[in-house]
Amino acid sequence: MAKHSFFCIDAHTCGNPVRLVAGGGPQLDGATMMERRAHFLAEYDWIRTGLMFEPRGHDAMSGSILYPPTRPDCDVAILFIETSGCLPMCGHGTIGTVTVMIEHGLVRPKVPGLLKLDTPAGLVEARYEMQGDKVTHVRIRNVASYLHATDLSVEVPGLGELRFDVAYGGNFYAIVESQPNFRDMEDLSTGDIQRLSPLIRRLVNEKYEIVHRDNPAIKGLSHVQWTGKPRHRQAHARNAVFYGDRGIDRSPCGTGTSARMAQLAARGDLKEGQDFVHESIIGSLFHGRVEALTTVGGAPGIIPSIQGEAWVTGLNTIFLYDEEPYTKGFLL
Ligand code: PYC
């Protein structure tokens, strides 16, 4: 019986899962994390699907595997594994991964309180605070984010015309705001979000070619972000982010919040240094900030930061058997 063992530390960031693979991940070739990601997808995607999908995971499962950095300015490299594939960047995943790494001594930061992370999307800095052995908060300074396209539209069967902007925050997001055929995310059930979002994503990718202005390896719309008025008194806005086949982010989504801040900044609704508190579908909060203004491919962008908290929920040694019918996971 061929058995593959993965030593995982499970956590959640603001309610969304993070399964950090601390042992058992494959060796990867590549001079950059984008190249290593391509190697992983070509040869080892069964590890991702086995650890993320049922019966060992679920629709919203998300995780990471640690590697030595490919660049001298970083402490550690992160490969993100999700039900949606290997994302270039994952905000809630980074906050959870940093919390696990520090609480479990998986990395020795060169500068206490600061980890420099080599991700497929680029350098991400994480500053963390501790109380005793617990990491209480992590603030990530994300990759440059920008508003990619405005006022696009698709015709959605059963809903009619839907207008949206596309923004990048480490992944590409269709940001759907209040309009004649959509008022607020609170009008949608989770079933509506799971039914409409993949349809919209497919229609958008068929109609528009979405390619990162500076990095052609990053392309295609992966996420749909439904927006709404906040319920929490501290929050400025609320969202529900859809990813993969059926996943709805339980956190306010780090890359989604970055994309939203980039959109608001491009409109002049968010200034350099300004805070933006984002509320998730379950009411958890990310504290975003426009750290700096920048340019991406010659067009205006921002450097966003996102702060959130994560909790380690347990240790989990997971086996995948070559002979087992559901070892690569399944979707219901
Ligand atoms: O927090 O960036 C994020 C994220 C991406 C997919 C799920 N969460």
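Quick rundown of the values:
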quantity: Residues located in segment 281-290, provided they are under 17 Å from Val241 (Cα atoms) and either outside any strand (DSSP E or B) or touching a Leu at 6+ places or on another chain (Cβ under 7 Å) (or both); calculated: Ile281, Ile282, Gly283, Ser284
quantity: Evaluation of Asp322 against (1) surrounded by fewer than 20 Cβ atoms within 10 Å (Cβ to Cβ); (2) touching a Leu at 6+ places or on another chain (Cβ under 9 Å) (one fails), failing number; calculated: (2)
quantity: Enumeration of residues in segment 182-194 that are farther than 14 Å from Tyr243 by Cβ and touching a residue at least 24 places away in the same chain (Cβ under 8 Å); calculated: Phe182, Asp184, Met185, Glu186, Leu188
quantity: Residues of segment 248-280 classified as within 12 Å of the ligand (Cβ to nearest atom) and either surrounded by fewer than 24 Cβ atoms within 10 Å (Cβ to Cβ) or in a loop (DSSP other than H, G, I, E, B) (or both), total; calculated: 7
quantity: Qualifying positions in segment 45-61 - within 15 Å of the ligand (Cβ to nearest atom) and either among the polar types (S, T, N, Q) or under 16 Å from Thr317 (Cβ atoms) (or both); calculated: Gly57
quantity: Elements of type strands (runs of 3 or more DSSP E) contained in segment 4-114, each with 2 or more residues being free of Cβ contacts under 8 Å to residues at least 60 places away in the same chain and in contact with a Leu (Cβ under 7 Å, 6 or more places away or on another chain); calculated: 62-67, 76-82
quantity: Among (1) more than 23 Å from Pro120 (Cα to Cα); (2) outside any strand (DSSP E or B) - the single one Arg163 does not satisfy; calculated: (2)
quantity: Test: residue in segment 195-211 that is within 16 Å of the ligand (Cβ to nearest atom), in contact (Cβ under 8 Å) with a residue 60 or more places away in the chain and within 21 Å of Cys90 (Cβ to Cβ); calculated: no
quantity: Residues located in segment 294-317, provided they are surrounded by fewer than 18 Cβ atoms within 10 Å (Cβ to Cβ), of a type in the set (A, V, I, L, M, F, W, C) and within 23 Å of the chain's Cα centre (by Cα); calculated: Trp311, Leu315
quantity: Given (1) within 16 Å of the ligand (Cβ to nearest atom); (2) within 21 Å of His212 (Cα to Cα), number of the condition Asp118 does not satisfy; calculated: (1)
quantity: Counted residues, segment 233-247 - those being of a type in the set (S, T, N, Q) and either within 16 Å of the ligand (Cβ to nearest atom) or closer than 20 Å to Met89 by Cα (or both); calculated: 1
quantity: Single match in Ile65, Ile81 (criterion: of a type in the set (Val, Ile, Thr), closer than 21 Å to Thr313 by Cβ, within 14 Å of the chain's Cα centre (by Cα) and modelled with pLDDT of 95 or more); calculated: Ile81
quantity: Hits in segment 218-232 (condition: in a strand (DSSP E or B), buried (at least 23 other Cβ atoms within 10 Å of the Cβ) and more than 10 Å from the ligand (Cβ to nearest atom)); calculated: Val224, Gln225, Trp226
quantity: Out of Gly170, Gly158, sole residue that is within 16 Å of the ligand (Cβ to nearest atom) and part of a loop (DSSP other than H, G, I, E, B); calculated: Gly170
quantity: Members of segment 173-186 found to be in a loop (DSSP other than H, G, I, E, B) and either among the hydroxyl-bearing types (Ser, Thr, Tyr) or not assigned by the TED database to the domain that holds Leu203 (or both), listed by number; calculated: Ser178
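The values are calculated or read from the model by the stated rules, or taken from the named source; none is laboratory data. Quick caveat, the model's predicted, so the values are computed rather than measured. All Cβ positions, even for glycine, are placed from backbone atoms using ideal geometry, and neighbour counts span all protein chains on display.
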